[in-house]
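Report on the structure given below.
The values are calculated or read from the model by the stated rules, or taken from the named source; none is laboratory data. Everything quoted here is computed from the prediction, not taken from an experiment. No Cβ is skipped: glycine too gets one built from the backbone with ideal geometry, and neighbour counts run over all protein chains shown.
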Amino acid sequence: MTRVKRGNIAHKRRKEVLDLTKGFRGSSSKLYRTAQQRTIKALTNSYKDRKIKKREFVKIWVSRINAAVRLSGLNYSNFQNQLKTSKILLNRKICSQIALQDKESFDKLLDFIKI
């Protein structure tokens, strides 16, 4: 029976892991065993932090809208409720951008809602 050498496949698998850890400090980018552990941890954290990033942006948008709306005597929850009852479909991101960049149109939106 002939001898089967599996060096190419194992080398390719290890190379993929080491390529993912380029830029890591110390042995985390050089040694396969530690590089594999750091890769798993890094990929886990990147998945988790993508979710957290979305959460943080929603918090920022809500606080911006709340600050802009309080100048006219409303609060955020009343503003959102009046948006829904008047059937205006604007999401939080767009509302916060309007509140920051275009005060006049945001004031017109508030006047339209209050009626």
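Among Lys59, Lys5, which is exposed (fewer than 12 other Cβ atoms within 10 Å of the Cβ) and under 30 Å from Ile98 (Cβ atoms)?
Lys59
Just need a number here: residues in region 31-53 that are touching a Ser or Thr at 6+ places or on another chain (Cβ under 9 Å) and in contact (Cβ under 8 Å) with a residue 12 or more places away in the chain.
Counting residues in region 31-53 that are touching a Ser or Thr at 6+ places or on another chain (Cβ under 9 Å) and in contact (Cβ under 8 Å) with a residue 12 or more places away in the chain gives 5.
Which of the residues that make up region 78-93 are loosely packed, with under 12 Cβ neighbours inside 10 Å and modelled with pLDDT of 95 or more?
Hits for region 78-93: nothing passes.
Can you pull out every residue in region 30-41 that is farther than 17 Å from His11 by Cβ and surrounded by 15 or more Cβ atoms within 10 Å (Cβ to Cβ)?
Thr34, Arg38
Against the conditions (1) loosely packed, with under 12 Cβ neighbours inside 10 Å; (2) at pLDDT 95 or above; (3) closer than 30 Å to Asp111 by Cα, where does Asn66 fall short? Just the number, please.
(1)
Taking interchain pairs and intrachain pairs at least six residues apart, which have beta carbon atoms under 6 angstrom, with the first residue in region 54-79 and free of Cβ contacts under 8 Å to residues at least 40 places away in the same chain and the second in a helix (DSSP H, G or I) and polar (S, T, N, Q)?
Correct list of pairs: Trp61/Ser96; Arg64/Ser96; Ile65/Ser96; Tyr76/Asn66.
What residue, of Asp107, Asp102, is touching a residue at least 24 places away in the same chain (Cβ under 8 Å), surrounded by 12 or more Cβ atoms within 10 Å (Cβ to Cβ) and more than 22 Å from the chain's Cα centre (by Cα)?
Asp107
Taking region 88-111 as the region of interest, how many residues are in a helix (DSSP H, G or I), farther than 23 Å from Lys54 by Cα and not aliphatic (A, V, I, L, M)?
Residues flagged as in a helix (DSSP H, G or I), farther than 23 Å from Lys54 by Cα and not aliphatic (A, V, I, L, M) within region 88-111 amount to 7.
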